[in-house]
Amino acid sequence: MKILVMGPPGAGKGSQSAKIVDSYKIPSISTGQMFRNAYEDNEPIGIEAMKYIKNGELVSDEITNELVRLRLQKNDTERSFLLDGYPRTVTQAVALDGMLKKMGTDLSAVINILSSNDVLFERMEARRVCKECGATYHLVFKKPVVEGVCDKCSGELYQRADDTLESVKRRLEIYETKTKPLLDYYDKKGILYNINGMQSFDKVYADIELVLRDL
Ligand code: AMP
């Protein structure tokens, strides 16, 4: 199972991806999380990437492609993986196709989670993320048991630097201009599955499972 989860920022791709990865026991490749981890660990790539991330801009295709290329070389990706937040541009999609071709494989499905802009803004303002494990919470709909503390690992919860109003606006603009064209790209390949993201978390997941079951 080699799948890609797409959707505008705040559509729930991170939380849904986490559940898929957990249920199917497949490795997750989240470029956003990899950049944030590298930043936390003071790695040069993380420090460079955060300059773009905090303003809601995309990290360069070169840096991002290289990050994924190295990650795909690890043995655990041979049978299955879930890509979350990569590719985000047509250039990245073409690069990914090249990497997969070299591995003698291809994507099985692209899950696209759809949502309206109103819902996206509301979700991102209230989003909190665990510093340790990356789990996401919502201050109204998915509250942690203890305020500011992760239910899973007791890590500290924080608001992402790019979840500010200005940054969210910019990320949505970039999604529209740079990432949305990818939907056409994958639709033409016949592997795009649209999922309504404006439902409860469990209903969205159930719809995703219907797609995964038939792969
Ligand atoms: P995410 O956690 O997927 O929302 O990603 C957070 C931020 O990391 C994005 O807004 C970008 O600045 C950066 N980023 C993540 N994935 C990519 C990518 N595939 N290409 C470029 N920048 C990325």
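Just so you know, all these numbers are worked out from the coordinates, no wet-lab data involved. Just so it is clear, the structure is predicted and the values come from calculations on it, not from any experiment. Glycine gets a Cβ as well: all are built from the backbone with ideal geometry, and neighbour counts include every protein chain shown.
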Simple SL model, points at 7 angstrom along Cα→Cβ for Ser108 and Glu156; separation in nm is 4.0
For the chain, what ratio Rg/Rh do Cα atoms give with a Kirkwood hydrodynamic radius?
0.93
For segment 70-215, give me the percentage of DSSP beta bridges that are antiparallel, rounded to the nearest 5 percent.
60
Under the Karplus relation with 6.51, -1.76 and 1.60 and θ = phi - 60°, whole-Hz ³J(HN,Hα) for segment 67-72, x at Gly and Pro, equal 4, 6, 4, 5, 5, 5
Along the Cα-to-Cβ line of Phe201, 7 Å from the Cα, sits a label point; which residues in segment 122-142 have backbone N less than 16 Å from it?
123-131, 133-142
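With only alpha-carbon pairs counted, each pair once and no self-pairs, how large is the Kirkwood hydrodynamic radius of segment 14-94 in angstroms?
On the way: mean 1/r = 0.0750 Å⁻¹.
For segment 14-94, the Kirkwood estimate is 13.3 Å.
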Checked against the positive end of the charge dipole of segment 1-46 (+1 on Cβ of Lys and Arg, -1 on Cβ of Asp and Glu, about the Cα centre), the farthest of Gly7, Ile45, Ser30 is Gly7
Using a Förster distance of 30 Å, the FRET efficiency for Ile191-Asn42 (Cβ separation, nearest 0.05)
0.20
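Could you sort out which of Lys131/Lys189; Lys74/Lys143; Lys25/Lys189; Lys51/Lys189 sit more than 28 Å apart by Cα distance in this structure?
Result: Lys131/Lys189; Lys74/Lys143; Lys51/Lys189 exceed 28 Å.
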Distance in nm between Lys101 and Asn75 label points, each 7 Å along Cα→Cβ, equals 2.8
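Let me know the charge dipole size of the chain about its Cα centre in debye, to the nearest 20, where only the beta-carbon of Lys, Arg (+1) and Asp, Glu (-1) is charged. Don't skip to the end; give the middle numbers.
On the way: 31 positive and 32 negative charges, 61 e Å.
Value, rounded to 20: 300 debye.
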